[in-house]
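Asker: Below is the structure I would like to discuss, written out as structure tokens.
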């Protein structure tokens with residue numbers, strides 16, 4: 001019985017000692033790592049707040065600056081697209097012969113030609129076949145732009161006989177003489193080739209003469225007065241660009 005009491009006392013003493021030791025360890029831990037308190041006064045806090053506000057203002061200013069750069073870039077891109085589109089339209093109008101052309105070239109004159117003591121029919125105009133042959137010859141020798149009797153020749157220009165009259169497009173060829181204006185990259189070469197070509201003999205056969213001028217520094221070819229046929233085209237509705 002005595003031994004049991006002594007053992008019980010020992011257990012109680014050990015438990016109390018453990019609890020006391022744990023509390024002492026916690027107190028020492030708290031003492032060695034005290035909480036850091038903000039010891040700044042009101043003026044220091046105000047100064048720090050002002051610095052933070054200035055930093056925020058600077059960040060907002062930088063954001064606005066970069067957004068302005070982005071808007072400017074988008075506007076330049078839009079202007080560039082518009083300029084490219086306008087340039088493309090201008091090139092297409094030029095290729096279609098809807099604008100005046102000017103450059104170095106030649107002026108050809110088709111006029112009557114009758115040898116001495118000629119008796120026979122009088123030629124008053126040039127046939128569509130002979131005129132087309134001349135245009136093909138000019139194109140083969142490097143002609144860029146051609147106008148016959150003031151009518152611009154394009155890829156869609158029709159040269160035909162209508163009731164005995166030669167017509168270019170919707171215009172009737174006037175009576176002789178007929179003037180043909182030609183613009184070429186190399187007017188001198190075009191002049192030389194026409195002088196050795198047999199095309200002049202073809203005109204003589206029809207009692208006509210083809211007179212070729214010397215190369216000129218400036219020849220003006222008028223624009224075509226015929227508008228393009230767009231009956232199969234429809235206006236497209238532009239979609240809004242996604243942001």
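Asker: For the residues 183, 135, what sequence is obtained by ranking on other C-beta atoms within 10 Å, fewest first?
Answerer: 135, 183
Asker: What distance in nm separates the two pseudo spin-label positions at residue 85 and residue 133, each 7 Å out from Cα along the beta-carbon direction?
Answerer: In this crude spin-label approximation the distance works out to 4.9 nm.
Asker: Applying 1/(1 + (r/R0)^6) with R0 = 25 Å to the Cβ-Cβ distance of residue 123 and residue 214, what FRET efficiency is obtained, to the nearest 0.05?
Answerer: Calculated transfer efficiency: 0.45.
Asker: Rank these for me by crowding, 48, 186, going from fewest to most other beta carbons within 10 Å.
Answerer: Neighbour counts put them in this order, fewest first: 48, 186.
Asker: Between residue 95 and residue 175, what is the label-to-label distance in nm when each label sits 7 Å out along the Cα-to-Cβ direction?
Answerer: 4.2
Asker: Between residue 161 and residue 189, what length comes free when the chain is fully extended (0.36 nm per residue of separation minus the Cα-Cα distance, one decimal in nm)?
Answerer: 6.9 nm
Asker: Would you mind getting me the FRET efficiency between residue 48 and residue 69? Use the beta-carbon distance for r and R0 = 22 Å, nearest 0.05. Don't jump to the answer; show the numbers that get you there.
Answerer: Numbers: r = 32 Å, r/R0 = 1.46.
Taking R0 as 22 Å, the efficiency between residue 48 and residue 69 is 0.10.
Asker: Taking other Cβ within 10 Å of each residue's Cβ, how do 114, 66 sort, fewest first?
Answerer: 66, 114
Asker: Next question. Of the listed peptides 213-221, 126-134, what is their order by residue-averaged count of other C-beta atoms within 10 Å, with the highest listed first?
Answerer: 126-134, 213-221
Each value in this text was obtained by applying a stated rule to the coordinates, not by laboratory testing. Remember, it's a predicted structure, so these values are computed and weren't measured experimentally. Because the Cβ atoms are built from the backbone with ideal geometry, glycine has one as well, and the counts that use them run over all protein chains shown.
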